[in-house]
Amino acid sequence: MARTYSYVLLFFVACIAFFPHNTALRPDIMECRNLVTAREIAQGDCSWQVPTMNGALRLEKPPLPTWIAAMVEYVSPNNLGLQRVPPALAAMLWVLFLFLLVKRLADEKTALIVSLVFLTCYQIVLMGRTATWDVYCHAFMMGAIYFLYKLLYPMPTDQRSWLTSLFLGVMLGLSFLSKGPVSFFALLLPFLLALPMKGRASLGENWGKLVLAVMVCLVIGSWWYIYLYMYHPVELTSVFHQETGAWTNHNVRPWWYYWRFWVEAGLWAPFVLVGLAFPYWKKRVADGNTYMLMLVFLVAQLVLLSMMPEKKYRYLLPMMVPMAMLVGYLLTYWITQGANWPRRLLIGAVGTCVVVELLALPVVGRIFNGEQTNTLTLLSHDERVNGLSFFHPADEDLRIECVYNLRHRVGALDLSDEASLRSQVPCVLLVKEERADSLVQTLPQDIAASRLGTYDDNHHHRKAKHYNPSMCHKAFMLSRANEKPSKPTDEALR
């Protein structure tokens, strides 16, 4: 009965955390990149093996999350709500494997509390509602860690250990195919460094099973890279140097940049700090070795992530695992000592999460998103542009959010090359608002520009601090001067 209650409760809270009002928040730049690539796969603009993003090769990220998004796009095009269902399911898988791992490390009661703490961390809720790569790679790695621990620290009731090693290899391979070595470095390696705190592992009889897991991981995780190396070696090498260069030259921060890592735990941040007092807790908790494993897991993650020159606070997402484990372990200790406030606090946190997700999220979405009433999506529905190609000036950057909203590829067009320009007419040209009128006047005399409208893809009002003028465009239909373009409507000219 207790086991059924735990699973039902976790399933209910996870459903509330990840599914209701999942379109309240607009897609950010990372999500738009994934969805634009998925759309081009589904529309047949590129192959599944060699994806593109707005016509350019998109090899920076492994393709598994994009393939999942492409299958959803094929079933229901431009359905953001449905696109966010698979990552929500992946987040639920992450919660399940965390529960199973802590249940083996400690007991079911602790595992339930840890999982509820994990589900009430805002980073987990946010990423579980976003169709990007992170939640997939960490969810699969959490499964790999669970199967690895089950293999190395078996219980008398465990059976079919070879099947466990097979699942371990599959999870490792799927994690690598989701975001490369990211989760190996940020989640698996810190756990391996902390594992000796639990005691001696059963390595002797498990070497063959570990070799099997590694082989399965290599087959699943590397085949796409081998394919690219065989058919697109130059592009793959270029992307490799670009990505490694970004790790050392992009968003470089000092080693102490993550000093306030504990704040990412939200409500549970003070308890993370309390849990770091290991001389006090190691002597008081029931199983000091399990506590030290959780603590070393957290510290090892912090050190490894701090060693990387490129730093962003969203990279701390995998740290939610040991922080939830540490907080949950301490809450369990206080409850066993007869204190009622930890149970009330946990119920209050879960209740607040439920209320926010069910009632407040649409309001929060309107506050953060602003009013998006005149985006390029309107242009995609305009009958006058049916069958036409879309372009932007080659000397202007085009935000991927605009491509996502437009629902079409937008090529780069060199307006100074008159022959190239004439070869594309008739077409639609998107120009940044601040230079649109002056640029159109430089077009050749035999090219007519008919204004279709002004479109703003910002999430913020024009007077807001974060308003980005580069996301505001004027659209023109280019045609031969001797051709009579269709007359723009009054609504389009607003």
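The values are calculated or read from the model by the stated rules, or taken from the named source; none is laboratory data. Here the structure is a predicted model, which means the values were calculated and not measured. Here Cβ is always computed from backbone atoms with ideal geometry, including for glycine, and neighbour counts include all displayed protein chains. Remember, those area values only see protein heavy atoms, side chains included, never the ligands or the DNA or RNA. Shrake-Rupley method; radii C 1.70, N 1.55, O 1.52, S 1.80 Å.
Which residues, taken from the stretch 42-65, are open to solvent by 10 Å² or more (accessible area, probe 1.4 Å) and assigned to a helix (DSSP H, G or I)?
Ala42, Leu64
Is the stretch 24-41 home to any residue that is more than 28 Å from Phe167 (Cα to Cα), open to solvent by 20 Å² or more (accessible area, probe 1.4 Å) and free of Cβ contacts under 8 Å to residues at least 24 places away in the same chain?
Scanning the stretch 24-41, I find no residue that is more than 28 Å from Phe167 (Cα to Cα), open to solvent by 20 Å² or more (accessible area, probe 1.4 Å) and free of Cβ contacts under 8 Å to residues at least 24 places away in the same chain, so the answer is no.
Among (1) surrounded by 13 or more Cβ atoms within 10 Å (Cβ to Cβ); (2) within 23 Å of Leu80 (Cα to Cα); (3) among the β-branched types (Val, Ile, Thr), which single condition is Thr373 missing?
(1)
Does Val102 qualify as being hydrophobic (A, V, I, L, M, F, W, C), assigned to a helix (DSSP H, G or I), under 30 Å from Asp397 (Cα atoms) and in contact (Cβ under 8 Å) with a residue 12 or more places away in the chain? Step through it out loud before you land on a result.
Details: hydrophobic (A, V, I, L, M, F, W, C): yes; assigned to a helix (DSSP H, G or I): yes; under 30 Å from Asp397 (Cα atoms): no; in contact (Cβ under 8 Å) with a residue 12 or more places away in the chain: yes.
No, not satisfied.
Scan (1) more than 18 Å from Ala14 (Cα to Cα); (2) touching a residue at least 40 places away in the same chain (Cβ under 8 Å); (3) not basic (Lys, Arg) for the single condition Leu119 breaks and write down its number.
Failing condition for Leu119: (1).
Scanning for something under 22 Å from Leu212 (Cβ atoms), out of contact with any Leu (no Cβ under 6 Å at 6 or more places or on another chain) and among the polar types (S, T, N, Q), does the stretch 128-136 turn up at least one residue? Spell out the reasoning first.
Kept after step one, since they are under 22 Å from Leu212 (Cβ atoms), are these residues of the stretch 128-136: none.
No: zero hits.
Of the residues in the stretch 383-414, how many are closer than 21 Å to Glu31 by Cβ, open to solvent by 70 Å² or more (accessible area, probe 1.4 Å) and of a type in the set (Asp, Glu)?
Residues flagged as closer than 21 Å to Glu31 by Cβ, open to solvent by 70 Å² or more (accessible area, probe 1.4 Å) and of a type in the set (Asp, Glu) within the stretch 383-414 amount to 1.
Mind listing whichever residues of the stretch 196-254 are within 19 Å of Phe184 (Cα to Cα), among the aliphatic types (A, V, I, L, M) and without any contact (Cβ under 8 Å) to a residue 12 or more places away in the chain?
Val211
Rundown of residues vs (1) within 18 Å of Leu316 (Cα to Cα); (2) within 23 Å of the chain's Cα centre (by Cα); (3) open to solvent by 30 Å² or more (accessible area, probe 1.4 Å), yes/no style:
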{"site": "Lys209", "(1), (2), (3)": "no, no, no"}
{"site": "Gly221", "(1), (2), (3)": "no, yes, no"}
{"site": "Trp224", "(1), (2), (3)": "no, yes, no"}
{"site": "Val234", "(1), (2), (3)": "no, no, yes"}
{"site": "Gln242", "(1), (2), (3)": "no, yes, yes"}
{"site": "Val252", "(1), (2), (3)": "yes, yes, yes"}
{"site": "Phe261", "(1), (2), (3)": "yes, yes, no"}
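How many residues does the stretch 464-494 contain that are at pLDDT below 75 and farther than 24 Å from Tyr404 by Cβ?
10
Considering each residue of the stretch 72-99, count those that are free of Cβ contacts under 8 Å to residues at least 12 places away in the same chain, open to solvent by 50 Å² or more (accessible area, probe 1.4 Å) and outside any helix (DSSP H, G or I), and give that number.
Result for the stretch 72-99: 1.
Would you point out the residue of the stretch 184-194, among those that are open to solvent by 10 Å² or more (accessible area, probe 1.4 Å), of a type in the set (A, V, I, L, M) and out of contact with any Leu (no Cβ under 7 Å at 6 or more places or on another chain), that is farthest from Cys217 (Cα to Cα)? Break it down into steps so the answer makes sense when it comes.
Our first condition is that a residue be open to solvent by 10 Å² or more (accessible area, probe 1.4 Å); within the stretch 184-194, this holds for 184-185, 188-189, 192-193.
If we keep only those that are of a type in the set (A, V, I, L, M) too, we end up with 188-189, 192-193.
Next, from what is left, pick out any that are out of contact with any Leu (no Cβ under 7 Å at 6 or more places or on another chain): 188, 192-193.
Values: Leu188: 14, Leu192: 17, Leu193: 20 Å.
Once the filter is applied, the top-ranked residue is Leu193.
Filter the stretch 149-179 for residues that are part of a helix (DSSP H, G or I), farther than 29 Å from Arg58 by Cβ and without any contact (Cβ under 8 Å) to a residue 40 or more places away in the chain and give the result.
First pass over the stretch 149-179, keeping only residues part of a helix (DSSP H, G or I): 149-152, 161-179.
From the residues that got through so far, the ones that are farther than 29 Å from Arg58 by Cβ too are 149-152, 161-168.
Within the stretch 149-179, Leu163, Phe167 meet the criteria.
Going by the conditions given, is Val135 open to solvent by 10 Å² or more (accessible area, probe 1.4 Å) and over 21 Å from Leu195 (Cβ atoms)? Show your work before the answer.
Numbers: open to solvent by 10 Å² or more (accessible area, probe 1.4 Å): no; over 21 Å from Leu195 (Cβ atoms): yes.
So Val135 fails the test.
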